[in-house]
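Data first, discussion second: the structure below is written as structure tokens.
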Amino acid sequence: HDFGDASYYGWSTSTYRLAASAGATTVNGTWASASGAVGTVTVAAAYKPAGGGTPTPAVTLSPTSLVFGAQAVGTTSASQSVTLTNSGTGPVTITSITVAGTNAADFGRTTTCPLSPTTLAAGASRTIGATFAPAAAGARAASIQVADNATGSPHTVALSGTGTAPAVTLTPTNLVFGSQLVGTTSASQSSTLRNSGTASLTIASITVVGANAGEFGQTNDCPVSLAANATCTITVTFSPSATGSRAATVQISDNAVGSPHALTLSGTGATPVPAVTLSPTSLAFGSQLVGTTSASQSSTLKNTGTGPMTITSIGLTGANAGDFGQSNSCPGSLAANATCTITVTFSPTVSGGRAASVSIADDAPGTPHTIPLSGNGTTPAPAVMLTPTSLTFASQLVGRWP
């Protein structure tokens, strides 16, 4: 029944119309017979263009974009789906479904859609699946492109995601220990390891490698998994076993680009060396009577070096060595930072200026070490003393002798 409209086919009330894209649709209508009887009837109705025109396919994608968010580089996201529906009146012929764009390789796709020569009937739907596997950190984008025979081909679904990856920053990148005595251990030095990336850093190992690895010790508080922007500390000491330049590397094996990461180490092994410091460096006795002995004066000898000092002898030298006497508390071997005392007296044998030196023979640089000595010998001068210096007599008769 066309209700007087030659271009309309189907069942409806006088106000009912079907959309061109609706396909087969169930509608309810009211039938009125010639006798005036009324009945309710349900029938299947469909749109048909006037004159019997050609059916037209149409493609609808839902959703039209997929956002994957953050995904660690080298891993694959969960799949997301798009529904492709033939919303037209004729079959859709799909030539291809591909991923295109700047980062196309970072996205994968699957589909249940039929490809040419198979077609997708009007009103039918199929699924296109997509995954995100970023190859690098940062924003990544591409699109699914559906090439078909519907208007607007190729039809696209925008794809986006962010690749995340850990990164290692060491501060400082090298530790220099300078000179260290062989057989001793330096003060510790540290480097801070920061995960400067956007994903968790997995640390497989932290070890010391290199030519002199055994002379450097390391400890650390780094966890197996270090969160983005988190830090940990690597602490190193230097214990040279031989003299000269020594080098090694702290090696950090992890899942960040550039692994293994290196913290370079260097130092110099030094031989212990003694050194002499005298305080005071000279002794001056002033004037002293010939044939007498002065009060003693002393000088402290200190081993200010890094190794024990061997003292071979301590004696008096110089033109007037015989006018001075010395004694000391110094042992044959004086440990680093230890002290002993050299004590000197002055006994001039003649008048005038007298000079000599205490000479210390040892194995420290600058040997022999000396303490200059000086004094002045004086001769006692003759002197008369009258006691009392006057005599007083009482009155006495002239000519009388008491």
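Every number here is computed from the coordinates shown, using simple stated rules; none is lab data. Since the structure is predicted, the reported quantities are computational estimates derived from the model, not experimental observations. Virtual Cβ from ideal backbone geometry, glycine too; neighbours counted across all protein chains shown.
Key figures for this structure:
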{"item": "Residue 204 paired with residue 363, simple spin-label distance in nm, labels 7 Å along Cα-to-beta-carbon", "result": "5.0"}
{"item": "Among 123, 285, 196 - extreme Cα towards positive end, dipole of the chain, charges at beta-carbon", "result": "285"}
{"item": "Gap separating the Cα centres of the range 275-289 and the range 131-167, nearest whole Å", "result": "91"}
{"item": "Over 21 Å [Cα-Cα, the range 276-378], rounded percent", "result": "33"}
{"item": "Cα-centre dipole for the chain with unit charges at Cβ (Lys and Arg positive, Asp and Glu negative), debye to 20", "result": "420"}
{"item": "Residue 228-residue 139 pseudo-label distance in nm [points 7 Å out on the Cα-to-Cβ vector]", "result": "1.5"}
{"item": "Residue 222 long-range amide H proximity, modeled H, under 5 Å", "result": "233"}
{"item": "Estimated vicinal HN-Hα couplings, Hz - the range 75-80 in sequence order (Karplus 6.51, -1.76, 1.60; Gly, Pro = x)", "result": "10, 10, 6, 5, 6, 10"}
{"item": "Pairwise centroid distance, computed over Cα atoms, of the range 185-243 with the range 56-87, Å", "result": "45"}
{"item": "Efficiency of FRET between residue 268 and residue 310 - r from beta-carbon atoms, R0 22 angstrom, step 0.05", "result": "0.35"}
{"item": "Label zone at residue 173, where the point sits 7 Å out along the Cα-to-Cβ direction: the range 252-273 residues whose backbone N lies under 18 Å", "result": "252-254, 256-266"}
{"item": "Label point distance in nm, residue 329-residue 389, each placed 7 Å from Cα along Cα→Cβ", "result": "4.9"}
{"item": "Those Cys residues of the chain for which no other cysteine Cβ falls under 4.7 Å", "result": "113"}
{"item": "From the C-alpha gyration tensor of the chain, square roots of 5λ in Å", "result": "119, 25, 13"}
{"item": "Computed Rg/Rh of the range 168-270, alpha carbon atoms with Kirkwood Rh", "result": "1.02"}
